[in-house]
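Scroll down for the structure; my scribbles are underneath it.
The values are calculated or read from the model by the stated rules, or taken from the named source; none is laboratory data. None of the values given here were measured: they were computed from a predicted structure. Every residue, glycine among them, receives a Cβ derived from its backbone with ideal geometry; neighbour counts consider all protein chains shown. Side chains included, ligands, DNA and RNA excluded: accessible areas come from the protein's heavy atoms. Shrake-Rupley method; radii C 1.70, N 1.55, O 1.52, S 1.80 Å.
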Amino acid sequence: MDQPTLKVENLETGYGEVQILWGIDLEVPPGNLTTILGANGAGKTTLLRAITGILPVWKGKVTFHGEDITHLSPHHRASLGLVMIPEGRMIFPEMTVLENLEMGAFTKRARAGLKENMEYALSLFPRLKERLEQKAGTMSGGEQQMLAIARGLMADPRVLIFDEPSLGLAPKLVIEVFETIQKLKEEGVTMLLVEQNVHLSLALTDYAYVLAEGKVVMEGTGEELEESEEVKKAYLGA
Amino acid sequence: MLSAWLGAVLSGILLGLLYGLAAIGLNLIWGVMNVINLSHGAFIALGMFSSYFMAKYLHLSPFIGVFLVLAMGVILGMVTYFVSLHKIISAPELSTLLATYSVSLVIIGLGTFIFTTNPRAIDIALGSVSVGGTVLPTTRILTGIFSVIFTLWLYYFLYKTWSGKAIRAVSMNRDAAELMGVNTTMALALAFGIGVALAMTAGALAATIFPFTILSGGGYELKSFVICVLGGLGSPLGALLGGLILGLIENLVTLKIATSYVPFLEFAILVFILIVKPTGLLARR
(Lines give C-alpha, C1' and ligand atoms only; values in the text may rest on other atoms or scores of the structure.)
Protein backbone atom coordinates (compact mmCIF):
# COMPACT_ATOMS: atom_id res chain seq x y z
CA MET A 1 0.00 0.00 0.00
CA ASP A 2 1.12 3.54 -0.73
CA GLN A 3 2.27 5.75 2.06
CA PRO A 4 -0.60 8.09 3.04
CA THR A 5 -0.17 11.70 1.90
CA LEU A 6 -1.36 13.01 5.24
CA LYS A 7 -1.55 11.07 8.47
CA VAL A 8 -2.88 12.18 11.85
CA GLU A 9 -2.09 10.02 14.87
CA ASN A 10 -3.65 10.24 18.31
CA LEU A 11 -4.01 14.01 18.02
CA GLU A 12 -5.12 16.02 21.04
CA THR A 13 -5.53 19.77 21.23
CA GLY A 14 -7.85 22.60 22.28
CA TYR A 15 -8.07 26.28 23.18
CA GLY A 16 -6.59 27.52 26.45
CA GLU A 17 -7.67 25.07 29.14
CA VAL A 18 -10.45 23.54 27.09
CA GLN A 19 -9.59 20.30 25.31
CA ILE A 20 -11.52 19.86 22.06
CA LEU A 21 -9.91 16.87 20.32
CA TRP A 22 -9.37 13.61 22.20
CA GLY A 23 -7.05 11.37 20.19
CA ILE A 24 -7.90 11.63 16.50
CA ASP A 25 -6.50 9.14 13.97
CA LEU A 26 -7.01 9.61 10.27
CA GLU A 27 -5.31 9.07 6.95
CA VAL A 28 -5.56 10.76 3.57
CA PRO A 29 -4.25 8.38 0.87
CA PRO A 30 -2.81 9.86 -2.34
CA GLY A 31 -5.30 10.59 -5.08
CA ASN A 32 -8.23 10.08 -2.75
CA LEU A 33 -11.01 12.33 -1.56
CA THR A 34 -11.31 11.94 2.20
CA THR A 35 -14.16 13.57 4.08
CA ILE A 36 -14.71 14.59 7.69
CA LEU A 37 -18.31 14.82 8.81
CA GLY A 38 -19.73 15.95 12.09
CA ALA A 39 -22.23 18.25 13.73
CA ASN A 40 -21.42 21.81 14.74
CA GLY A 41 -18.95 21.80 17.61
CA ALA A 42 -17.73 18.26 16.89
CA GLY A 43 -14.21 19.64 16.39
CA LYS A 44 -13.91 19.58 12.59
CA THR A 45 -12.55 23.10 12.22
CA THR A 46 -10.28 22.62 15.24
CA LEU A 47 -8.86 19.50 13.57
CA LEU A 48 -8.13 21.43 10.36
CA ARG A 49 -6.53 24.25 12.34
CA ALA A 50 -4.25 21.69 13.98
CA ILE A 51 -3.43 20.03 10.64
CA THR A 52 -2.53 23.36 9.01
CA GLY A 53 -0.61 24.51 12.09
CA ILE A 54 -2.66 27.56 13.03
CA LEU A 55 -3.45 25.83 16.33
CA PRO A 56 -0.58 24.18 18.26
CA VAL A 57 -0.91 20.43 18.88
CA TRP A 58 -0.84 19.23 22.51
CA LYS A 59 -0.24 15.56 21.88
CA GLY A 60 0.04 13.22 18.91
CA LYS A 61 1.59 13.56 15.50
CA VAL A 62 0.87 14.93 12.03
CA THR A 63 2.90 13.49 9.15
CA PHE A 64 2.92 14.71 5.55
CA HIS A 65 4.53 12.45 2.93
CA GLY A 66 6.24 10.64 5.79
CA GLU A 67 7.71 13.84 7.24
CA ASP A 68 6.79 14.83 10.79
CA ILE A 69 5.25 18.31 10.50
CA THR A 70 3.62 18.45 13.94
CA HIS A 71 5.61 21.49 15.02
CA LEU A 72 6.10 23.35 11.74
CA SER A 73 4.60 26.82 11.29
CA PRO A 74 1.61 27.16 8.92
CA HIS A 75 3.62 28.98 6.23
CA HIS A 76 6.25 26.25 6.33
CA ARG A 77 3.55 23.59 5.84
CA ALA A 78 2.11 25.59 2.96
CA SER A 79 5.53 25.65 1.33
CA LEU A 80 5.55 21.83 1.44
CA GLY A 81 2.27 21.74 -0.50
CA LEU A 82 -0.23 21.39 2.33
CA VAL A 83 -2.83 23.88 1.18
CA MET A 84 -6.11 24.87 2.81
CA ILE A 85 -9.02 26.77 1.33
CA PRO A 86 -10.26 28.32 4.55
CA GLU A 87 -13.81 28.59 5.76
CA GLY A 88 -15.36 31.94 4.95
CA ARG A 89 -13.08 32.08 1.87
CA MET A 90 -10.64 34.63 3.38
CA ILE A 91 -9.79 36.18 0.06
CA PHE A 92 -7.83 39.46 0.09
CA PRO A 93 -10.64 41.97 -0.50
CA GLU A 94 -8.56 45.03 -1.47
CA MET A 95 -6.49 43.09 -3.97
CA THR A 96 -7.54 42.40 -7.53
CA VAL A 97 -8.58 38.90 -8.58
CA LEU A 98 -5.25 38.56 -10.38
CA GLU A 99 -3.28 39.57 -7.28
CA ASN A 100 -5.25 37.09 -5.17
CA LEU A 101 -4.32 34.32 -7.58
CA GLU A 102 -0.67 35.41 -7.53
CA MET A 103 -0.70 35.33 -3.72
CA GLY A 104 -1.85 31.71 -4.00
CA ALA A 105 1.44 30.97 -5.74
CA PHE A 106 3.53 32.73 -3.09
CA THR A 107 5.70 29.77 -2.07
CA LYS A 108 8.92 28.96 -3.97
CA ARG A 109 7.44 25.61 -5.02
CA ALA A 110 4.35 27.23 -6.50
CA ARG A 111 6.04 30.21 -8.15
CA ALA A 112 7.81 27.91 -10.59
CA GLY A 113 4.50 26.73 -12.01
CA LEU A 114 2.67 30.06 -11.77
CA LYS A 115 1.87 30.39 -15.46
CA GLU A 116 0.55 26.86 -16.05
CA ASN A 117 -1.39 26.85 -12.79
CA MET A 118 -2.94 30.20 -13.65
CA GLU A 119 -4.08 28.89 -17.02
CA TYR A 120 -5.44 25.75 -15.40
CA ALA A 121 -7.29 27.63 -12.63
CA LEU A 122 -8.81 30.08 -15.12
CA SER A 123 -9.90 27.24 -17.41
CA LEU A 124 -11.78 25.76 -14.44
CA PHE A 125 -13.35 29.12 -13.59
CA PRO A 126 -13.72 31.12 -16.83
CA ARG A 127 -15.79 33.72 -14.98
CA LEU A 128 -12.71 34.79 -13.04
CA LYS A 129 -10.88 35.42 -16.28
CA GLU A 130 -13.27 38.27 -17.13
CA ARG A 131 -12.65 39.84 -13.74
CA LEU A 132 -8.91 39.69 -13.28
CA GLU A 133 -8.64 43.44 -12.65
CA GLN A 134 -11.67 43.67 -10.35
CA LYS A 135 -11.21 44.12 -6.59
CA ALA A 136 -11.96 40.71 -5.09
CA GLY A 137 -14.02 42.19 -2.25
CA THR A 138 -16.57 43.56 -4.72
CA MET A 139 -17.52 40.12 -6.09
CA SER A 140 -20.47 38.00 -4.99
CA GLY A 141 -20.12 35.26 -2.38
CA GLY A 142 -20.20 32.53 -5.02
CA GLU A 143 -17.51 34.20 -7.11
CA GLN A 144 -15.39 34.69 -4.01
CA GLN A 145 -15.63 30.96 -3.26
CA MET A 146 -14.52 30.18 -6.82
CA LEU A 147 -11.61 32.58 -6.34
CA ALA A 148 -10.70 30.92 -3.04
CA ILE A 149 -10.60 27.50 -4.74
CA ALA A 150 -8.64 28.87 -7.70
CA ARG A 151 -6.19 30.53 -5.31
CA GLY A 152 -5.75 27.17 -3.56
CA LEU A 153 -4.97 25.50 -6.89
CA MET A 154 -2.38 28.18 -7.64
CA ALA A 155 -0.40 26.83 -4.67
CA ASP A 156 0.31 23.62 -6.58
CA PRO A 157 -1.13 21.57 -3.70
CA ARG A 158 0.04 18.07 -2.82
CA VAL A 159 -3.04 17.92 -0.64
CA LEU A 160 -5.92 20.34 -0.94
CA ILE A 161 -8.03 20.87 2.17
CA PHE A 162 -11.53 22.33 1.91
CA ASP A 163 -13.12 23.79 5.04
CA GLU A 164 -16.90 23.99 4.51
CA PRO A 165 -16.72 25.15 0.89
CA SER A 166 -20.50 25.26 0.45
CA LEU A 167 -21.21 27.27 3.58
CA GLY A 168 -23.54 30.20 2.91
CA LEU A 169 -23.91 29.51 -0.81
CA ALA A 170 -27.14 29.29 -2.81
CA PRO A 171 -28.10 25.69 -3.81
CA LYS A 172 -27.10 26.21 -7.43
CA LEU A 173 -23.63 27.36 -6.37
CA VAL A 174 -23.30 24.46 -3.92
CA ILE A 175 -23.75 22.09 -6.87
CA GLU A 176 -21.13 24.05 -8.79
CA VAL A 177 -18.62 23.73 -5.95
CA PHE A 178 -19.17 19.97 -5.78
CA GLU A 179 -18.84 19.66 -9.55
CA THR A 180 -15.47 21.36 -9.23
CA ILE A 181 -14.42 18.97 -6.47
CA GLN A 182 -15.49 16.03 -8.65
CA LYS A 183 -13.47 17.37 -11.56
CA LEU A 184 -10.40 17.72 -9.34
CA LYS A 185 -10.94 14.20 -8.05
CA GLU A 186 -11.03 12.82 -11.58
CA GLU A 187 -7.71 14.55 -12.22
CA GLY A 188 -6.22 12.79 -9.23
CA VAL A 189 -5.87 15.70 -6.80
CA THR A 190 -5.51 14.50 -3.20
CA MET A 191 -8.19 16.18 -1.12
CA LEU A 192 -9.48 16.42 2.42
CA LEU A 193 -12.98 17.82 2.72
CA VAL A 194 -14.90 19.08 5.73
CA GLU A 195 -18.55 19.54 4.84
CA GLN A 196 -21.98 20.03 6.33
CA ASN A 197 -23.66 18.80 3.18
CA VAL A 198 -23.58 15.08 3.98
CA HIS A 199 -25.52 13.84 0.94
CA LEU A 200 -23.32 15.44 -1.68
CA SER A 201 -20.04 14.72 0.06
CA LEU A 202 -20.79 11.04 0.75
CA ALA A 203 -21.75 10.57 -2.89
CA LEU A 204 -18.31 11.78 -3.96
CA THR A 205 -15.96 10.66 -1.23
CA ASP A 206 -13.69 7.63 -1.17
CA TYR A 207 -13.51 7.41 2.58
CA ALA A 208 -15.10 9.37 5.42
CA TYR A 209 -14.68 9.92 9.15
CA VAL A 210 -17.51 10.97 11.44
CA LEU A 211 -16.48 13.21 14.34
CA ALA A 212 -18.47 13.69 17.54
CA GLU A 213 -17.30 15.41 20.70
CA GLY A 214 -13.73 15.48 19.52
CA LYS A 215 -13.44 11.77 18.67
CA VAL A 216 -13.79 9.68 15.54
CA VAL A 217 -17.01 7.75 16.21
CA MET A 218 -17.37 6.07 12.83
CA GLU A 219 -15.48 5.63 9.60
CA GLY A 220 -15.92 3.88 6.29
CA THR A 221 -16.29 4.29 2.56
CA GLY A 222 -18.84 6.71 1.19
CA GLU A 223 -21.36 3.96 0.43
CA GLU A 224 -20.92 2.28 3.81
CA LEU A 225 -21.68 5.47 5.67
CA GLU A 226 -24.58 6.35 3.43
CA GLU A 227 -26.14 2.99 4.27
CA SER A 228 -25.45 3.38 7.97
CA GLU A 229 -28.53 3.79 10.15
CA GLU A 230 -26.72 6.03 12.60
CA VAL A 231 -25.56 8.46 9.94
CA LYS A 232 -29.04 8.50 8.45
CA LYS A 233 -30.55 9.27 11.82
CA ALA A 234 -28.05 11.96 12.69
CA TYR A 235 -27.72 13.76 9.36
CA LEU A 236 -30.03 12.61 6.66
CA GLY A 237 -33.26 13.14 8.58
CA ALA A 238 -34.45 9.59 8.03
CA MET B 1 2.17 90.76 -3.55
CA LEU B 2 1.56 88.18 -6.22
CA SER B 3 5.07 86.80 -5.86
CA ALA B 4 4.50 86.44 -2.11
CA TRP B 5 1.52 84.22 -2.85
CA LEU B 6 3.45 82.27 -5.47
CA GLY B 7 6.30 81.80 -3.02
CA ALA B 8 3.92 80.56 -0.36
CA VAL B 9 2.30 78.11 -2.74
CA LEU B 10 5.63 76.76 -3.99
CA SER B 11 7.21 76.33 -0.57
CA GLY B 12 3.88 74.95 0.68
CA ILE B 13 4.01 72.24 -1.97
CA LEU B 14 7.67 71.39 -1.30
CA LEU B 15 7.21 71.31 2.45
CA GLY B 16 3.93 69.43 2.04
CA LEU B 17 5.67 66.66 0.14
CA LEU B 18 8.12 66.30 3.02
CA TYR B 19 5.25 66.21 5.54
CA GLY B 20 3.62 63.56 3.39
CA LEU B 21 6.74 61.42 3.45
CA ALA B 22 6.96 61.85 7.22
CA ALA B 23 3.38 60.61 7.57
CA ILE B 24 3.70 57.59 5.26
CA GLY B 25 5.67 55.52 7.75
CA LEU B 26 3.06 56.09 10.45
CA ASN B 27 0.33 55.34 7.92
CA LEU B 28 1.95 52.08 6.80
CA ILE B 29 2.47 50.72 10.32
CA TRP B 30 -1.02 51.73 11.37
CA GLY B 31 -2.63 50.27 8.25
CA VAL B 32 -0.75 46.97 8.20
CA MET B 33 -0.27 46.20 11.89
CA ASN B 34 -2.99 48.19 13.64
CA VAL B 35 -0.21 49.67 15.72
CA ILE B 36 -0.20 53.37 16.52
CA ASN B 37 3.52 54.04 16.50
CA LEU B 38 4.18 56.63 19.19
CA SER B 39 7.93 56.28 18.57
CA HIS B 40 7.43 57.78 15.09
CA GLY B 41 8.68 61.24 16.10
CA ALA B 42 11.67 59.82 17.95
CA PHE B 43 12.74 57.94 14.82
CA ILE B 44 12.31 61.10 12.75
CA ALA B 45 14.71 62.81 15.17
CA LEU B 46 17.13 59.87 14.89
CA GLY B 47 17.03 60.34 11.11
CA MET B 48 18.00 63.99 11.59
CA PHE B 49 20.99 63.06 13.74
CA SER B 50 22.07 60.25 11.40
CA SER B 51 22.15 62.68 8.51
CA TYR B 52 23.95 65.29 10.63
CA PHE B 53 26.72 62.95 11.76
CA MET B 54 27.19 61.50 8.30
CA ALA B 55 27.62 65.02 6.93
CA LYS B 56 29.92 66.08 9.75
CA TYR B 57 32.22 63.07 10.09
CA LEU B 58 31.93 61.23 6.77
CA HIS B 59 31.51 64.40 4.70
CA LEU B 60 28.62 62.74 2.98
CA SER B 61 26.02 64.93 1.30
CA PRO B 62 22.69 64.47 3.11
CA PHE B 63 21.09 63.73 -0.25
CA ILE B 64 23.34 60.69 -0.65
CA GLY B 65 23.42 59.81 3.04
CA VAL B 66 19.63 59.61 3.03
CA PHE B 67 19.84 56.27 1.22
CA LEU B 68 22.07 54.93 3.97
CA VAL B 69 19.61 56.26 6.53
CA LEU B 70 16.85 54.35 4.73
CA ALA B 71 18.79 51.08 4.91
CA MET B 72 19.75 51.63 8.56
CA GLY B 73 16.16 52.45 9.36
CA VAL B 74 14.86 49.15 7.96
CA ILE B 75 17.29 47.20 10.15
CA LEU B 76 16.72 49.35 13.24
CA GLY B 77 12.95 49.11 12.78
CA MET B 78 13.00 45.33 12.39
CA VAL B 79 15.12 44.96 15.54
CA THR B 80 12.70 47.28 17.39
CA TYR B 81 9.80 45.12 16.21
CA PHE B 82 11.28 41.93 17.62
CA VAL B 83 12.36 43.60 20.88
CA SER B 84 9.26 45.60 21.69
CA LEU B 85 6.28 44.45 19.62
CA HIS B 86 6.56 40.81 18.55
CA LYS B 87 5.30 39.31 21.81
CA ILE B 88 2.28 41.59 22.07
CA ILE B 89 1.32 42.04 18.43
CA SER B 90 -1.95 40.16 18.94
CA ALA B 91 -2.74 41.88 22.24
CA PRO B 92 -5.24 44.78 22.45
CA GLU B 93 -4.09 48.08 20.90
CA LEU B 94 -3.30 49.67 24.26
CA SER B 95 -0.36 47.25 24.76
CA THR B 96 1.30 48.09 21.46
CA LEU B 97 0.61 51.79 22.01
CA LEU B 98 2.40 51.68 25.36
CA ALA B 99 5.24 49.60 23.88
CA THR B 100 5.95 52.12 21.12
CA TYR B 101 5.62 54.95 23.67
CA SER B 102 8.31 53.24 25.76
CA VAL B 103 10.56 52.99 22.71
CA SER B 104 10.06 56.72 22.22
CA LEU B 105 10.98 57.45 25.85
CA VAL B 106 14.13 55.34 25.54
CA ILE B 107 15.28 57.07 22.33
CA ILE B 108 14.47 60.58 23.55
CA GLY B 109 15.96 59.91 26.99
CA LEU B 110 19.23 58.52 25.65
CA GLY B 111 19.29 61.16 22.93
CA THR B 112 18.93 63.99 25.43
CA PHE B 113 21.69 62.50 27.55
CA ILE B 114 24.12 61.98 24.66
CA PHE B 115 23.33 64.87 22.31
CA THR B 116 21.83 67.36 24.83
CA THR B 117 19.01 69.56 23.55
CA ASN B 118 21.19 72.24 21.97
CA PRO B 119 19.97 72.95 18.47
CA ARG B 120 22.12 71.73 15.57
CA ALA B 121 22.03 72.33 11.86
CA ILE B 122 23.59 70.63 8.89
CA ASP B 123 26.13 72.84 7.21
CA ILE B 124 24.97 72.65 3.63
CA ALA B 125 24.98 75.45 1.08
CA LEU B 126 23.52 74.59 -2.30
CA GLY B 127 22.38 78.08 -3.21
CA SER B 128 18.90 78.91 -4.39
CA VAL B 129 16.73 78.92 -7.47
CA SER B 130 14.61 81.81 -8.64
CA VAL B 131 11.11 80.92 -9.88
CA GLY B 132 8.83 83.69 -11.15
CA GLY B 133 10.32 86.29 -8.89
CA THR B 134 10.45 84.05 -5.81
CA VAL B 135 13.64 82.63 -4.46
CA LEU B 136 13.59 79.01 -3.28
CA PRO B 137 16.52 77.34 -1.50
CA THR B 138 17.82 74.39 -3.51
CA THR B 139 17.67 72.16 -0.41
CA ARG B 140 13.91 72.65 -0.26
CA ILE B 141 13.50 71.70 -3.90
CA LEU B 142 15.67 68.60 -3.50
CA THR B 143 13.76 67.64 -0.35
CA GLY B 144 10.47 67.78 -2.25
CA ILE B 145 11.85 65.72 -5.14
CA PHE B 146 13.33 63.09 -2.81
CA SER B 147 10.02 62.84 -0.92
CA VAL B 148 8.23 62.01 -4.16
CA ILE B 149 10.92 59.47 -5.10
CA PHE B 150 10.63 57.63 -1.77
CA THR B 151 6.84 57.62 -1.96
CA LEU B 152 6.92 56.16 -5.47
CA TRP B 153 9.48 53.61 -4.34
CA LEU B 154 7.15 52.50 -1.54
CA TYR B 155 4.27 52.30 -4.02
CA TYR B 156 6.34 50.16 -6.35
CA PHE B 157 7.47 47.95 -3.47
CA LEU B 158 3.94 47.37 -2.11
CA TYR B 159 2.29 46.71 -5.47
CA LYS B 160 4.98 45.12 -7.64
CA THR B 161 7.19 42.94 -5.43
CA TRP B 162 6.42 39.65 -3.69
CA SER B 163 7.47 41.03 -0.28
CA GLY B 164 5.29 44.09 -0.77
CA LYS B 165 2.29 42.05 -1.83
CA ALA B 166 2.84 39.80 1.18
CA ILE B 167 2.71 42.85 3.46
CA ARG B 168 -0.55 43.97 1.84
CA ALA B 169 -1.98 40.46 2.16
CA VAL B 170 -1.04 40.40 5.85
CA SER B 171 -2.78 43.74 6.36
CA MET B 172 -6.01 42.28 4.93
CA ASN B 173 -6.01 38.83 6.52
CA ARG B 174 -3.08 37.56 8.54
CA ASP B 175 -4.30 33.94 8.79
CA ALA B 176 -5.02 33.68 5.07
CA ALA B 177 -1.58 35.09 4.24
CA GLU B 178 0.06 32.55 6.54
CA LEU B 179 -1.92 29.75 4.83
CA MET B 180 -0.62 30.96 1.45
CA GLY B 181 2.91 30.42 2.73
CA VAL B 182 3.73 33.96 3.86
CA ASN B 183 5.97 34.14 6.93
CA THR B 184 3.68 36.69 8.55
CA THR B 185 6.07 37.42 11.44
CA MET B 186 8.77 38.49 9.01
CA ALA B 187 6.22 40.44 6.95
CA LEU B 188 5.13 42.39 10.04
CA ALA B 189 8.74 43.01 11.05
CA LEU B 190 9.53 44.24 7.53
CA ALA B 191 6.48 46.51 7.50
CA PHE B 192 7.59 48.06 10.79
CA GLY B 193 11.16 48.32 9.48
CA ILE B 194 10.05 50.17 6.37
CA GLY B 195 7.73 52.43 8.38
CA VAL B 196 10.58 53.39 10.68
CA ALA B 197 12.98 53.77 7.74
CA LEU B 198 10.64 56.22 6.00
CA ALA B 199 10.27 58.22 9.23
CA MET B 200 14.06 58.43 9.54
CA THR B 201 14.35 59.34 5.87
CA ALA B 202 11.91 62.22 6.34
CA GLY B 203 13.96 63.35 9.33
CA ALA B 204 17.19 63.18 7.33
CA LEU B 205 15.65 65.38 4.62
CA ALA B 206 14.07 67.83 7.08
CA ALA B 207 17.44 68.33 8.74
CA THR B 208 18.74 69.94 5.54
CA ILE B 209 16.13 72.71 5.90
CA PHE B 210 15.61 73.39 9.61
CA PRO B 211 17.78 73.31 12.71
CA PHE B 212 16.82 70.51 15.08
CA THR B 213 17.21 68.85 18.49
CA ILE B 214 16.41 65.33 19.67
CA LEU B 215 12.90 66.64 20.48
CA SER B 216 12.19 67.96 16.98
CA GLY B 217 10.43 64.80 15.82
CA GLY B 218 7.42 65.54 18.02
CA GLY B 219 6.07 68.28 15.77
CA TYR B 220 6.32 66.05 12.70
CA GLU B 221 4.64 63.19 14.58
CA LEU B 222 1.65 65.41 15.38
CA LYS B 223 1.47 66.64 11.79
CA SER B 224 1.64 63.00 10.65
CA PHE B 225 -1.45 62.18 12.67
CA VAL B 226 -3.34 65.06 11.06
CA ILE B 227 -2.16 63.92 7.61
CA CYS B 228 -3.20 60.31 8.23
CA VAL B 229 -6.66 61.53 9.11
CA LEU B 230 -6.70 63.80 6.04
CA GLY B 231 -5.46 61.16 3.62
CA GLY B 232 -7.05 58.11 5.14
CA LEU B 233 -5.21 54.91 6.01
CA GLY B 234 -3.58 52.41 3.74
CA SER B 235 -2.63 54.52 0.73
CA PRO B 236 0.85 56.05 0.29
CA LEU B 237 -0.49 58.51 -2.29
CA GLY B 238 -3.29 59.54 0.09
CA ALA B 239 -0.65 60.42 2.66
CA LEU B 240 1.31 62.45 0.14
CA LEU B 241 -1.86 64.31 -0.79
CA GLY B 242 -2.69 64.92 2.88
CA GLY B 243 0.83 66.30 3.33
CA LEU B 244 0.37 68.65 0.38
CA ILE B 245 -2.86 70.00 1.82
CA LEU B 246 -1.26 70.61 5.21
CA GLY B 247 1.85 72.21 3.71
CA LEU B 248 -0.21 74.56 1.58
CA ILE B 249 -2.50 75.57 4.45
CA GLU B 250 0.49 76.26 6.68
CA ASN B 251 2.28 78.42 4.16
CA LEU B 252 -0.75 80.31 2.92
CA VAL B 253 -2.27 81.24 6.28
CA THR B 254 1.07 82.44 7.65
CA LEU B 255 0.93 85.20 5.05
CA LYS B 256 -1.91 86.66 7.10
CA ILE B 257 -1.53 85.35 10.66
CA ALA B 258 1.35 84.61 13.01
CA THR B 259 3.19 81.28 12.66
CA SER B 260 2.44 80.40 16.27
CA TYR B 261 -1.22 79.87 15.34
CA VAL B 262 -0.33 77.05 12.92
CA PRO B 263 -0.51 74.15 15.42
CA PHE B 264 -3.85 75.48 16.64
CA LEU B 265 -5.13 75.51 13.08
CA GLU B 266 -3.83 72.02 12.34
CA PHE B 267 -5.62 70.53 15.29
CA ALA B 268 -8.77 72.47 14.57
CA ILE B 269 -8.68 70.72 11.17
CA LEU B 270 -8.06 67.34 12.84
CA VAL B 271 -11.00 67.73 15.21
CA PHE B 272 -13.22 69.03 12.42
CA ILE B 273 -12.50 66.04 10.16
CA LEU B 274 -12.94 63.57 12.99
CA ILE B 275 -16.38 65.03 13.62
CA VAL B 276 -17.46 65.30 9.98
CA LYS B 277 -15.83 62.24 8.41
CA PRO B 278 -14.09 60.01 10.97
CA THR B 279 -12.75 57.57 8.35
CA GLY B 280 -10.53 60.25 6.83
CA LEU B 281 -11.16 62.81 4.13
CA LEU B 282 -9.82 60.78 1.20
CA ALA B 283 -10.33 57.28 2.65
CA ARG B 284 -11.83 54.66 0.40
CA ARG B 285 -13.09 52.53 3.26
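Data table
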item: Part-to-part distance (alpha-carbon centres) for region A:1-16 and region A:135-193, which is given in Å; result: 23
item: Proximal lysines relative to A:LYS59, as straight alpha-carbon distance under 26 Å, when same-chain residues fewer than 8 apart are discounted; result: A:LYS7, A:LYS44, A:LYS215, B:LYS87
item: More than 37 Å apart - percent of Cα-Cα pairs taken over the protein assembly as shown; result: 42
item: Three-way shape call for chain B based on the alpha-carbon gyration tensor, with the a/c threshold at 1.5; result: prolate
item: Over region A:82-156: Rg over Rh, Cα atoms, Kirkwood Rh; result: 0.92
item: Dimensions in Å of region B:199-240 - Rg and Dmax from alpha carbons; result: 11.5, 31
item: Neighbour net charge for B:LEU158 - beta-carbon separation under 13 angstrom, K R +1, D E -1; result: +1
item: Karplus-derived 3J(HN,Hα), 6.51/-1.76/1.60, for each residue of region A:186-194, Hz, glycine and proline x; result: 4, 7, x, 6, 7, 9, 10, 10, 10
item: Full-stretch length increase - B:ILE75, B:ASN34 - with 0.36 nm per residue and alpha-carbon distance subtracted; result: 12.7 nm
item: Solvent-accessible area of B:TYR159 with every protein chain in place, 1.4 Å probe, in Å² to the nearest 10; result: 70
item: Approximate spin-label separation B:PHE113-A:ALA203, in nm, with each point projected 7 Å along Cα-to-Cβ; result: 7.4
item: Relative contact order %, region A:82-156, counting alpha carbon pairs below 8 Å whose residues are six or more apart; result: 54
item: Positive-end residue, the protein assembly as shown charge dipole about Cα centroid, Cβ charges, pick of B:ILE209, B:GLY195, B:ALA45; result: B:ILE209
item: Degrees separating the helix B:184-206 axis from the principal Cα axis of chain B, which is the longest one; result: 10
item: Heavy-atom accessible area per residue - region A:82-156, 1.4 Å, Å²; result: 39
item: Full-stretch length increase - A:GLU17, A:ARG111 - with 0.36 nm per residue and alpha-carbon distance subtracted; result: 29.8 nm
item: Lys, Arg +1 and Asp, Glu -1 on Cβ, resulting dipole of region A:42-123 about Cα centre, debye, nearest 20; result: 360
item: Reduced Cα scattering model of chain A, Debye log10 I(q)/I(0), q = 0.16, 0.17 Å⁻¹; result: -1.18, -1.31
item: Among A:THR138, A:TYR120, A:MET90 - extreme Cα towards positive end, dipole of region A:82-156, charges at beta-carbon; result: A:TYR120
item: Karplus (6.51, -1.76, 1.60) ³J(HN,Hα), θ = phi - 60°, over region A:224-230, in Hz, Gly and Pro reported as x; result: 3, 6, 5, 7, 5, 4, 5
item: Point-charge dipole on Cβ atoms (K/R +1, D/E -1) for the protein assembly as shown, about Cα centre, debye to 20; result: 2400
item: Percent accessible area from carbon and sulfur atoms, chain A, protein chains only, probe 1.4 Å; result: 50
item: Protein accessible surface hidden between A and B, which excludes ligands and nucleic acids, total in Å², probe 1.4 Å; result: 2100
item: Contact order relative to length of region B:156-270, as percent, for alpha carbon pairs under 8 angstrom and 6 or more apart; result: 14
item: Check: region A:95-238 dipole with +1 on Lys, Arg Cβ and -1 on Asp, Glu Cβ, in debye; result: 700
item: For chain B: relative contact order, % (alpha-carbon pairs under 8 angstrom, 6 or more apart); result: 41
item: Förster-model FRET efficiency, 22 Å R0, A:LEU132 and B:LEU152, C-beta, rounded to 0.05; result: 0.35
item: Leading residue at positive end of dipole, chain A (Cβ point charges), from A:HIS199, A:THR70, A:LEU101; result: A:LEU101
item: Set of aspartates and glutamates with alpha-carbon distance to B:LYS256 below 18 Å, sequence-local pairs under 8 removed; result: B:GLU266
item: With Cα atoms, 0 to 90° folded angle of helix B:93-115 axis to chain B main axis; result: 50
item: Region A:17-99 - convex hull of alpha carbons, volume per residue in Å³; result: 148
item: GluC sites (Glu not before Pro) restricted to region A:120-161 and DSSP loop, no more than 15 other C-beta within 10 Å; result: A:GLU130, A:GLU133
item: Straight-distance crosslink candidates among lysines, where the alpha carbon sits under 27 Å from B:LYS56 and sequence neighbours closer than 8 are dropped; result: none
item: Calculated [θ] (222 nm, deg cm²/dmol) that DSSP helices of n ≥ 4 give over chain A, each run adding -39,500 (n - 2.57); result: -10000 deg cm²/dmol
item: Residues whose placed amide H lies under 5 Å from that of A:ILE161, excluding near-sequence neighbours; result: A:VAL83, A:MET84, A:ILE85, A:LEU192
